Structure formats: C-alpha cells, structure tokens
Amino acid sequence: MNLAKIIDGKAIAANLRQNIIKDVLELKSSKNIIPGLAVILVGDNPASKLYVRNKITACKKVGIKLFEFYPEANVSEVELIKLINSLNENKEIHGILVQLPLPDHINSMNIINAIDPRKDVDGFTATNLGKLVTEQDCFVPCTPQGCLILIKSIIDKLDGLNALVVGRSNIVGKPMLHVLIQNNCTVTLAHSHTKNLPLLCKQADILVVAVGSSNLIKGDWIKPGSTVIDVGINYTADNKITGDVDFKEAAHYAGAISPVPGGAGPMTVTCLLKNTLKSALYSAL
C-alpha cells in the first residue's frame with residue numbers, strides 16, 4: 001500500500017508569504033500605507049504566548065507594522081473594550097487580533113464583537129461570520145481559509161465531493177462548513193454527539209478534523225485515497241505535539257494528509273497576514 005502524500009503547509013505558506021511581501025511593498029510605494037496589526041494578549045497563558053510570538057515574527061518578516069498590547073489577566077471587560085475602541089479609531093491599525101482564550105471573567109464574544117468588522121482580520125465577529133454564511137465579501141477565518149488552500153493544492157476541482165468536518169467551533173468547524181459548501185462540496189458536520197463517526201469518515205473524499213482530541217481519527221476510518229486535513233493541536237505527556245488524526249495509521253489509507261505540526265498551523269498564520277493586507281488595501285480605496 002502506498003503512503004499518502006504529505007501536504008507541506010510550511011512550503012505552501014512560504015510561497016504565499018513571498019507574494020504578501022511584494023504586495024506590502026507595492027502598497028507602501030504607491031499609497032504610502034504600511035499594513036498595521038494590533039495584537040492583544042491578555043495574561044500569560046504559555047500556549048497563547050507561543051502563538052502570539054509566531055504571529056508577530058511572521059508579521060515582521062513580511063513588513064506588517066506591529067502594535068502590541070499585553071493587559072494583565074485581571075483586566076476588566078470594560079477596560080478591554082475601551083482599548084479595542086481606541087484601536088478601532090486608529091488609522092494606522094488595519095487589523096485587530098485578540099488572542100483566545102480569554103480569562104473566564106471576560107465574555108469572549110463581547111470582546112470579539114467590539115472589534116470593527118473592517119479590522120476583524122481573524123474573521124470572528126458576528127458580522128464577518130454572517131457575511132461568510134450569506135456569501136458576501138468578508139474576512140474569512142484564517143484556519144478554514146488556510147485549510148481550503150491546502151485542499152486545493154491536492155484537488156483542483158471540489159465540485160460534488162463528499163466532505164466531512166469534525167468539530168463545530170465558531171473558529172474552525174462552522175466556517176469550514178460554509179467554505180466547503182461555497183466550493184460545491186456536499187458537506188457533513190460531525191461533533192461530540194455524532195453517531196457512527198467511523199462510517200461518516202469512510203464516506204468522505206475530504207476530511208477536516210478540528211476537535212482537540214489526540215489521535216481521535218483512526219487510520220481504518222479513512223476512505224482510501226481521500227484528502228485529510230488535521231487541524232488539531234494536542235500535547236503528549238512528554239510535551240510532543242500530535243494532531244486529531246492518527247498520522248502513522250492514516251498515512252496508509254489517505255491519498256494526501258497534512259501533518260501536525262507543519263500543516264494547518266503555518267497556513268493559519270499566513271492567512272492572518274493575507275487578511276491584514278486585505279484590510280489595508282481596503283483602507284486605500
């Protein structure tokens with residue numbers, strides 16, 4: 001049995017970033033506009049600090065200007081919204097990113113929806129998600145956007161293919177459903193209450209898994225020749241990163257599979273850069 005093709009998210013992201021660098025330079029030379037991204041990290045969650053550091057590094061490499069804010073973990077919701085309102089008014093800032101999760105005393109949706117939808121480069125506000133569902137121009141959430149690029153690196157035409165999304169978060173699962181529908185897939189959304197998940201997996205030409213459960217999807221659940229995108233990030237007892245798909249098993253069944261790490265992660269960060277550039281371009285119109 002042939003092993004699956006590994007979908008190299010790092011390489012695909014690197015190619016996209018070269019184009020972003022060119023577009024950032026063009027915008028600066030033609031309109032004297034430098035794309036600006038405000039990053040807000042509340043508290044000192046170690047995983048969040050790592051994600052933010054990666055995003056900041058990526059922004060600097062492509063020429064996006066950073067505005068960094070690090071409120072204490074006990075910051076009030078009112079204070080955080082006041083900060084966001086000031087960033088909404090700042091013309092140098094084209095995108096606002098609030099790193100999730102937030103402390104328990106803060107309502108995340110109140111914070112997200114305080115962001116001006118025109119600066120919501122994560123694509124998490126009700127406005128942008130509503131526009132995604134109704135197929136209007138919007139900021140598509142970064143992970144689903146990146147997953148689609150990975151899928152299209154393997155499959156030219158998605159029309160009529162059966163797709164299964166495992167996970168129903170507002171950040172990945174639900175927007176991924178609509179991204180695939182808009183590419184003419186027949187889409188099923190599975191979650192923790194879904195019955196007979198292995199059977200659904202075996203019917204899927206495209207499988208996107210984003211639940212945060214290490215090695216949940218077994219190799220013999222996967223339809224031979226299918227394309228598998230693993231969004232999960234889980235840590236083992238010895239602090240190694242694993243996905244939601246049993247990679248070693250799945251590689252004997254899938255036609256193509258994204259690894260963890262090195263698959264969806266780099267694409268998520270790159271699509272954040274794309275969305276920030278898009279916002280800056282809108283400001284130039």
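The values are calculated or read from the model by the stated rules, or taken from the named source; none is laboratory data. Bear in mind the structure is a predicted one, so any value in this text is a computation, not a measurement. Glycine also receives a Cβ, built like all others from the backbone with ideal geometry; neighbour counts cover every protein chain displayed. With ligands, DNA and RNA removed, areas are computed over all heavy atoms of the protein, side chains included. Shrake-Rupley method; radii C 1.70, N 1.55, O 1.52, S 1.80 Å.
Quick one: length gained pulling PHE67 to HIS191 fully straight, 0.36 nm per residue minus the C-alpha distance?
Working it through step by step, the gained length comes to 41.0 nm.
Label points 7 Å out from Cα along the Cβ direction at ASN107 and VAL133: separation in nm?
1.9
Give me the net charge for the shell around LYS218: Cβ to Cβ below 9 angstrom, other residues only, Lys and Arg +1, Asp and Glu -1.
Once all neighbours under 9 Å are counted, the net charge is -3.
Treating only the Cβ of Lys, Arg, Asp and Glu as charged (+1, +1, -1, -1), what charge dipole size does the chain show about its Cα centre? Round to the nearest 20 debye.
620
With a 1.4 Å probe and every protein chain kept in, tell me what percent of the accessible surface of the chain is carbon plus sulfur.
Summing carbon and sulfur atoms, their accessible area is 53 percent of the total for the chain.
Just the number please: accessible area per residue for the chain, 1.4 Å probe, all protein chains included, in Å².
48
Using a 10 angstrom cutoff on alpha carbons, build the Gaussian network for the chain and name the most mobile of LEU50, LEU102, LEU216.
So, out of LEU50, LEU102, LEU216, the one fluctuating most is LEU50.
Return a whole-number percent for the relative contact order of the range 11-64, with Cα pairs under 8 Å and 6 or more residues apart as the contact set.
The value is 48 percent.
Within the set of other residues whose C-beta is less than 11 Å from the C-beta of LEU87, count the net charge using Lys and Arg as +1 and Asp and Glu as -1.
Taking every Cβ under 11 Å from that of LEU87, the sum is 0.
Roughly speaking, what is the centre-to-centre gap between the range 159-174 and the range 45-67 when only Cα atoms are used, to the nearest Å?
First find each Cα centre; the distance between them is then 27 Å.
Would the range 230-277 count as rounded, prolate or oblate if I go by the C-alpha gyration tensor, calling it rounded below 1.5 in a/c and otherwise prolate when a/b exceeds b/c, oblate otherwise?
oblate
Can you match mean projected area of the Cα convex hull in nm² to one of these, (i) 15.2; (ii) 14.4; (iii) 18.1, based on a calculation from the structure here?
Here mean projected area of the Cα convex hull in nm² agrees with entry (i).
Lone cysteines in the chain, going by a 4.7 Å Cβ-Cβ cut-off?
CYS59, CYS138, CYS147, CYS185, CYS201
Among 261-267, 205-211, what's the highest-first ranking by average C-beta atoms within 10 angstrom per residue?
205-211, 261-267
Once both labels are modelled 7 Å past Cα along the beta-carbon direction, what's the ILE81-ASP238 spacing in nm?
4.8
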